[in-house]
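Next up is a structure, given as structure tokens.
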Amino acid sequence: MLRARHTASQARMTAATKAYRKALVREMFARPVRDYSYRCIGRPVSLLRAGYQASLAELGLDQLRASGFEVTVLTVDEDDPRFADPAGTDGRGLGEKTILGDLRTVPMRPRSFDIVHCALLLDRISHVELVLDRFIAALRPGGLLLLHIRDRDCAAGFLDRIAPQWVRRALWARLNPGQPGPFRAVYEPAGSDRGIRAYTQLRGLVISHRETARTSAAGAGRAGQVVSAVRGLIPRLTRGRLTDAHDEVLYVIRKPEDHLARVV
């Protein structure tokens, strides 16, 4: 009986955490997208989505389109069936196109996008700075880069980096049943919270908003409990160098309009 109550309580906590995270992400990104769109009245808003993991629902595009705004979306992702967007989701067919290819080499016209949205991608790719440079070059002056990353300098990121692949596969199957993954655990320093903040300073970009989020293990069983317990130990073992206060970071980054600013 006690075990059943504990399991039910754990499931409620997980559901509440997911709901909070979803609301946080939507509030974080939908508002600046809406405000920017009002500045573009009279022309379409052009958006680059980097990877299908970047859900368009986070941006409030349905509401914008219902209000009469024209939003065009180009999605770039690897030619891998695991990353394919399920049919009928994210409003495909409403001014949206897809290019399958490598973000390091796929053609992107300079200053052709108003918004670039990249979510839960930078931890599984290499040459992060090159990809970010290409995003910034593709943005119009004054445009927005919306980033949602998994931070390497936290307990969850550390575990994901050091765990053997067979362990990662087993845990993913238990904690995220039916979801594609696990993806590669690259976690370049440039894609960490510290790396992103250093990058924006170097390129003369402005972080107009930054938030952190802590996700809990999706599973309510023993595997989720073990992962949560180990995550809680890591800050003590590393004397606070790796935190368990967050594992994801969200940014709204603005490219300066001044053409003399130091940007790529």
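The values are calculated or read from the model by the stated rules, or taken from the named source; none is laboratory data. The structure displayed is predicted, hence computed values, not measured ones. Glycine also receives a Cβ, built like all others from the backbone with ideal geometry; neighbour counts cover every protein chain displayed. These area figures cover heavy atoms from the full protein model, side chains too; ligands, DNA and RNA do not enter into them. Shrake-Rupley method; radii C 1.70, N 1.55, O 1.52, S 1.80 Å.
What is the sum of charges, Lys and Arg at +1 and Asp and Glu at -1, for the other residues whose Cβ falls under 12 Å from the Cβ of Ser46? Present the calculation step by step, with values, prior to reporting the outcome.
On the way: positive: Arg43, Arg49, Lys97, Arg109, Arg111, Arg140; negative: Glu70, Glu96, Asp114.
Here the charged neighbours net out to +3.
With the full set of protein chains in place, find how many percent of the accessible area of region 187-229 is carbon and sulfur; take the probe as 1.4 Å.
On the way: 1110 of 2110 Å².
Exposed carbon and sulfur together represent 52 percent of the surface.
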